[in-house]
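Since the structure comes first, as structure tokens, the remarks are kept for the end.
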Amino acid sequence: IFALVLISAVILLLKKPVQASIPPHIIESANQFIISRTGQEFFDQHIVLDRSETNYNEADEFCIRDPSSCQDYMQKPHYLMIYALRVSDTSSVRAPIGFAMNDTGQVVSTVEDGEIPNCTQKPLECSFPIDESDVIVIAQEAGLEPGIKTWRTGFNWNGGFKTYIWAVSNTLSESKDGRTTGKSLIIDAHTGKVIETSGLISMEEKEPKG
């Protein structure tokens, strides 16, 4: 399953989506799909459509020829709807939420349970009390070494832990060719609990994704 999702993701990156205006009925259907899980209040305060990333895609020729390598929806024209979940209505920290819809406004791709928070059945999923400054304090208290550069933080959905997380990483060494090593922590974005600590690993110069 992981390999199939990975192949599908690579194909999505290689395809050239059509930057066309998304019909209002598609946007409204996508909004209502999210609202059915989050409720109107959470949607208004925390969810925003990312129009720069949302796009229309024609049927993928590779997927038509080799359907076992792709998710079913990629064999037909579809809209890829990308939203951003904000930690708060005043925060610039955002995590993407994405799903595909057909031209009738039906969701045709898989959305992981919890990726769109269910505020009615699981209120904790809709609570994001941890901000970036809190994350730094938590990491310090957990013993993450200062390192030789400013810590990097990231906020996103983690499919392995099935929750939204903060990731914090440090830089402990850097070679002449720019390669770095460091350690990282993964922190539950709802509770502030450290749920994973890495040992010394090779680090990429980008925001940690958990």
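List of remarks:
So that you can scan it fast, the table gives a plain yes or no per residue for (1) of a type in the set (A, V, I, L, M, F, W, C); (2) open to solvent by less than 60 Å² (accessible area, probe 1.4 Å); (3) more than 29 Å from SER21 (Cα to Cα); (4) in contact (Cβ under 8 Å) with a residue 60 or more places away in the chain:
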site: ALA95; (1), (2), (3), (4): yes, yes, no, yes
site: ASP103; (1), (2), (3), (4): no, no, no, yes
site: VAL111; (1), (2), (3), (4): yes, yes, no, no
site: CYS126; (1), (2), (3), (4): yes, yes, yes, yes
site: PRO129; (1), (2), (3), (4): no, no, yes, yes
site: PRO146; (1), (2), (3), (4): no, no, yes, no
site: ARG152; (1), (2), (3), (4): no, yes, yes, no
site: GLY160; (1), (2), (3), (4): no, no, yes, no
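- The set of residues in region 23-45 that are without any contact (Cβ under 8 Å) to a residue 60 or more places away in the chain and touching a Ser or Thr at 6+ places or on another chain (Cβ under 9 Å) comprises ILE27, GLN45.
- Of all residues in region 69-93 being of a type in the set (Gly, Ala, Ser) and open to solvent by less than 50 Å² (accessible area, probe 1.4 Å), the one that is farthest from the chain's Cα centre (by Cα): SER69
- Filter result for GLN140 (modelled with pLDDT of 95 or more and either in a loop (DSSP other than H, G, I, E, B) or open to solvent by 60 Å² or more (accessible area, probe 1.4 Å) (or both)): yes
- Residue count, region 49-68 (criterion: outside any helix (DSSP H, G or I) and surrounded by 14 or more Cβ atoms within 10 Å (Cβ to Cβ)): 8
- Subset of region 119-135 (residues that are touching a Gly at 6+ places or on another chain (Cβ under 9 Å) and farther than 20 Å from THR153 by Cα): CYS119, THR120, LYS122, GLU125, CYS126
- Qualifying residue in region 177-184 (condition: out of contact with any strand residue (DSSP E or B) (no Cβ under 9 Å at 6 or more places or on another chain), open to solvent by 80 Å² or more (accessible area, probe 1.4 Å), of a type in the set (D, E, K, R) and under 23 Å from ILE35 (Cα atoms)): no
The values are calculated or read from the model by the stated rules, or taken from the named source; none is laboratory data. Worth saying up front: this structure is predicted, and the values here are computed from it rather than measured. When we count neighbours, we look across all protein chains shown, and the Cβ atoms used for this are built from the backbone with ideal geometry, even at glycine. For accessibility, only protein heavy atoms count, side chains too; no ligands or nucleic acids. Shrake-Rupley method; radii C 1.70, N 1.55, O 1.52, S 1.80 Å.
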